[in-house]
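Take a look at the structure below.
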Amino acid sequence: MRDRKKRSFCHRVLRFILPKWVADDFYHRFSHSYWTRGKIKFESVLTRSEGVTKKIEKTSSRQPFKRINGGYVLSCLRKNKVETILDVGCGSGHLVSLLNSNNFKSCGITINSEEIENAQSKNIYLCDVQNFESLKRIGIDRFDAILSFDCIEHLERPLEALKNINKLLKKDGLFISYIPPVRWIECDYHVVVYSPRQYRWLLNLSGFELIESEGRYLFSKRGVTYYARKATEGEQVYPGVLQ
């Protein structure tokens, strides 16, 4: 109780000194149980990913365009004359239903069978984006655009997943993805919450060229939405650092 009152007092002091959104971010991040459970254990990415994959993936009922500028995404899809769309990590299919109601031909994939049972759309398939063979169940070889919101940070093999997404896109296809802000780095279901620099490098390695990004990674509740275009057939866009 004393520690809680002390943190609450520090929070009020921070809000007096700093802008409200900065103070709230500091408070929520450093009052997280990860920092207050006593001895801090620094885990490697590999150890953390093994722990995450052993957990049962929670069911997602994420609403369309949560923390994302949905109007801009839709205008970007129309501007690029997109017709077919795949939603990777679609949850219960709310976004798929919204896209279909906006005259797009869309479908989604998830690794959770419960989400398919509760799906709002019939075009939901049980597939793992990290396994290209399972993606053949969709029955569509190429898409004009692929969306992936709140998904990549959950994956144990993100580079493999992004290369598979590249394979599913048509030439110059559009890939729009969302990564939450750094405050979500301690979430039990996240393997790595990528910084803009890390994620851009992953995109480059898997054959994408980043067009633009929107939002903030640090001191934000919003996160970053990335707009990328397929530049090569899975080959890295820029040479390796050591080459």
Segment Ser75-Asn103, extension gain: residue separation times 0.36 nm, minus the distance between their alpha carbons:
8.8 nm
For the stretch 55-230 the mean separation of alpha carbon contacts under 8 Å (6+ apart) over residue count, i.e. relative contact order in percent, is 18
Could you work out the relative contact order of the stretch 77-149? I mean the mean sequence separation of Cα pairs under 8 Å and 6+ apart, divided by the number of residues, in percent.
37
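Which order do Thr110, Thr225, Thr84 fall in if you start with the one that has the fewest other Cβ atoms within 10 Å?
Going from least to most buried by this count: Thr84, Thr225, Thr110.
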Please list, in order along the stretch 106-119, the HN-Hα scalar couplings obtained from phi with the Karplus expression 6.51 cos²θ - 1.76 cosθ + 1.60 (θ = phi - 60°), rounded to whole Hz, x for Gly and Pro.
10, 8, x, 10, 8, 9, 10, 5, 5, 5, 5, 5, 9, 5
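Quick check: from the Cα gyration tensor, does the stretch 55-230 come out rounded (a/c under 1.5), prolate or oblate?
rounded
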Quick check on the exposure proxy: order Leu202, Leu99, Leu168, Leu159 from fewest to most C-beta atoms within 10 angstrom.
Leu159, Leu202, Leu168, Leu99
What ranking do Cys90, Cys127, Cys76, Cys187 get, fewest neighbouring Cβ atoms within 10 angstrom at the top?
Cys187, Cys76, Cys127, Cys90
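Computed from the coordinates by the stated procedures, all read-outs in this text should not be read as laboratory data. Here the structure is a predicted model, which is why all the values come from computation and not from measurement. Methodologically, a virtual Cβ is constructed for each residue, glycine included, from the backbone with ideal geometry; neighbour enumeration extends over all protein chains shown.
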